[in-house]
Amino acid sequence: MGEKAEVDVKIETSWKEALKDEFGQDYFKTLREFVKGEYQHAIIYPAPKNIFRAFDLCPFDKVEVVILGQDPYHGPRQANGLCFAVSEGVSLPPSLQNVFKELAADMGVPFEALAKKGDLERWAKQGVLLLNATLTVQAHKAGSHQGKGWEEFTDAVIRKLSEERENLVFILWGNYAKAKGAHIDRTKHLVIESAHPSPFSAAGGFFGSKPFSKANAYLAEHNKKRIDWL
């Protein structure tokens, strides 16, 4: 049918194979044209080369943990293609500060040891898929690329992982992420849910939820390598 030649998506090879049925669908073609037009006429984050960075750093068969975010950051130099992460040298946004506060408490390390490690590439390279539900956003307009097709694509990502892999850990923070968790088979994967790390909700169940140690305990229980979160 020539779908691969027609829709050339620059994404890591194993993901290209796993998601090949998505790239030829009408919704994805429409999404692709929308995103292409947005980059031509507005300031869009992240940089085009980083749209699929989460996938490029964490091949399909290497995924062990999935952390699900909602949108990329919409401020200058913040979004880098990994949910919750920022580029090196960029001040930590409040949600990422709270993620690190919980990590520090969970793992018994000082927050200061984490505070300058905002990129999170080190997690991705160990098998943590840092997936936003929407992969692009217009500058200073939170949620501006929602409802354009990205959610359908990332639902397919979650569904594919759930169906074809076993004993993964899905970390869902906040109601939006929990809703996307409907695609996960909880009989063969661990799902860790809590409030979102945003300052508006972190005190309502995110702090003290210990997702990092829980994830590692599950991985070890299934003879998998623990993630070095630090």
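Worth a mention:
- Solvent-accessible area per residue for the stretch 71-230 (1.4 angstrom probe, square angstrom): 43 Å²
- Of the trypsin sites (Lys or Arg not before Pro) in the stretch 3-89, those whose Cβ has at most 16 other Cβ within 10 Å and which sit in DSSP loop: 10, 77
- Projecting label points 7 angstrom from Cα along Cα→Cβ for residue 222 and residue 140 puts them 4.5 nm apart.
- Residue-by-residue Karplus 3J(HN,Hα) for the stretch 193-199, coefficients 6.51, -1.76, 1.60, Hz, glycine and proline x: 10, 7, 4, 6, x, 4, x
- 5 angstrom amide H check on residue 44, placed H, neighbours 5+ away: 139
- Multiplying the residue separation of residue 200 and residue 36 by 0.36 nm and removing their Cα-Cα distance gives an extension gain of 55.7 nm.
- Candidates 145, 196, 41: whichever shows maximal mean-square fluctuation once the chain is modelled as a Gaussian network with Cα springs under 10 Å: 41
- Helical mean residue ellipticity (222 nm; -39500 (n - 2.57) per DSSP H run of 4+; nearest 500) of the chain: -10000 deg cm²/dmol
- Candidates 109, 35, 66: whichever shows maximal mean-square fluctuation once the chain is modelled as a Gaussian network with Cα springs under 10 Å: 109
- Backbone N under 11 Å from the residue 47 label point (7 Å along Cα→Cβ), restricted to the stretch 124-150: none
- Solvent-accessible area, 1.4 Å probe, carbon plus sulfur percent, for the chain: 51 percent
- Within a Gaussian network of the chain (alpha carbon springs, distance under 10 Å), most fluctuating of 121, 22, 112: 112
- Label-reachable residues, the stretch 54-90, where backbone N falls under 15 Å from a point 7 Å from residue 116's Cα toward its Cβ: 88-90
- With Cα atoms, 0 to 90° folded angle of helix 26-41 axis to the chain main axis: 90 degrees
- Accessible surface for residue 30 stands near 90 Å², nearest 10, in the context of the full protein assembly shown (1.4 Å probe).
- With a simple spin-label model that places each label point 7 Å from the Cα along the Cα-to-Cβ direction, the separation between residue 166 and residue 210 comes to 2.7 nm.
- Charge context of residue 116, other residues only, Cβ under 13 angstrom, K/R +1, D/E -1: -1
- Amide H contacts under 5 Å for residue 170: 66, 190, 191, 192, restricted to partners 5 or more places along the chain or on a different chain, H placed in the peptide plane at 1.01 Å from N.
- Backbone phi angles across the stretch 201-209, fed through the Karplus curve with coefficients 6.51, -1.76 and 1.60 (θ = phi - 60°), yield HN-Hα couplings of 9, 4, 6, x, x, 6, 5, x, 7 Hz in residue order; Gly and Pro are listed as x.
- Figure note: 189, 140, 183 ranked by solvent-accessible area, largest first, 1.4 Å probe, ligands and nucleic acids not counted: 140, 183, 189.
- Working note: Karplus 6.51/-1.76/1.60 with θ = phi - 60° gives the stretch 144-161 the couplings 5, 10, 6, x, 9, x, 4, 4, 5, 5, 6, 4, 5, 4, 4, 4, 5, 4 Hz, where Gly and Pro are set to x.
- Residues whose amide H falls under 5 Å from that of residue 69, counting only those 5 or more places apart or on a different chain, are 131, 132, 133, with hydrogens built in the peptide plane.
The values are calculated or read from the model by the stated rules, or taken from the named source; none is laboratory data. Nothing here was measured: the structure is a model prediction, and the numbers come from that model. Counting neighbours? That spans all protein chains shown, and the Cβs are built from the backbone with ideal geometry, glycine included. These accessible areas exclude ligands, DNA and RNA; they are computed on the full protein's heavy atoms, side chains included. Shrake-Rupley method; radii C 1.70, N 1.55, O 1.52, S 1.80 Å.
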